[in-house]
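Data block below; observations after.
Computed from the coordinates by the stated procedures, all read-outs in this text should not be read as laboratory data. These numbers were taken from a predicted model, which means no experiment stands behind them. With ideal geometry, Cβ positions are generated from the backbone for all residues, glycine too; neighbour counts draw on all protein chains shown.
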Amino acid sequence: MKIRRNTAIILSLIVLSGLPVSVTGPVTVQATSSTREKLNRTQKEKENLEDELDKTQDNLDQLEGKRDTLEKELKYLNAQLSAVVASLEELEAQIYDKEGEIAETQQALETAREKEAQQYENMVAVTRCLYEQQNDSYLTILLTAESFSDFLNMADRIEKVASYDQRMLEEYQENCILIEEHERRLQTEKTQLEELQAKAEEEKDKVSDMINQTSGAIAKYGDQISSAEKKALDYEAEIRKKEEDLEYLKKKLAEEIALSQAAANGTWRDISEVSFAEGDRRLLANLIYCEAGGEPYSGQVAVGSVVMNRVLSSKFPDTVVGVIYQSGQFSPVGSGRLDIALASDKATESCYRAADEAMSGVTNVGTCVFFRTPIEGLSGINIGGHVFY
């Protein structure tokens, strides 16, 4: 949520204006330039902080949006990884089953080959028995037949035994060929499954890398979000502090306005009643230099007149030194600029002339006892870059 609180400080001021006049009679005044400058500066700082908070909040919203997008992408990648892992498990199960089938086929092939070898040995034995026996040759066996019918039957049986053995051998050989073809087919299928497995592993590694990268990006955005949130909290704390400062300054301003009214309605001395100390002229000229050194001569006289008006008022110190060094009244005093100017007497000739005029009782701002750079809602006598009231 963007925070934008433009607090308008509305100042209703009643100011007397005119050319040089005497410093008698009622006058309406407001507050010191120092307090108003602080109030204006604090308000500006508060608004700047609110702008920075808005920017930080916008940045935070963008970071959170990017993080949300990445989290959705991560969710998709995790689902994709789960699918790849499931596919890998399925392929591994198929490969395991295929290896089992291959092992069974190889065992069957080994058994078939053993039977083939055994059958071959049986045929060799039969052949050896029929043709290689010294005493009982095939012909001798036939001649031992008691009749021609027995002879034919015996020859037929021998022929059937030989044919059976030959047929069995051929069957075993054909069976071996079929088993070998089945084994080759299984090996081919296993190779294909292993290739699919390798591709799945590559996909798994690829998705895992993407997950790691996305997780790293999310962590990075998380750190940036934490930093932005902390910055936003800091800005909010500073804004609260500025609001407290504004309340304090407004309260102080109200007190000064009351003091100003009291001064306006209080008693005033005549310039002839003022006793100037040694160094007052130099002090006033250098204050004029700090406050209005770049202003036209009339602006320099006006600053000197404000100081002298305060000296004449019963509500302010009755000396030039007392007025200028009164706590929190003139910003060059608080910042140290006046001391620097006094150290080398930076006041120009026109600043000294303005001081002399003011100390003689001349005023071009009537009975105004305050001045500052213009702000909205403040009216008065405008001379150069200042408004006098």
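Assuming 0.36 nm per residue, please report the length gained on full extension of the stretch Arg184 to Asp68 beyond their Cα-Cα distance.
Values: separation 116, 0.36 × 116 = 41.76 nm, distance 5.24 nm.
So the extension gain works out to 36.5 nm.
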* To do: Any of Lys75/Lys98; Lys75/Lys204; Lys66/Lys206; Lys66/Lys204 with alpha carbons more than 27 Å apart? Name them for me.
  => Lys75/Lys98
* So which lysines pass the test for Lys242, namely a Cα distance under 24 Å, with those fewer than 8 places away in the same chain ruled out? -> Lys2, Lys38, Lys44, Lys46, Lys55, Lys230, Lys231, Lys250, Lys251, Lys252
* Taking 7 Å along the Cα-to-C-beta vector as the label spot, tell me the Lys199-Glu114 distance in nanometres, rounded to one decimal. => 4.1 nm
* To do: Let me know the volume per residue of the alpha-carbon convex hull for the range 307-378, in Å³.
  => 123 Å³
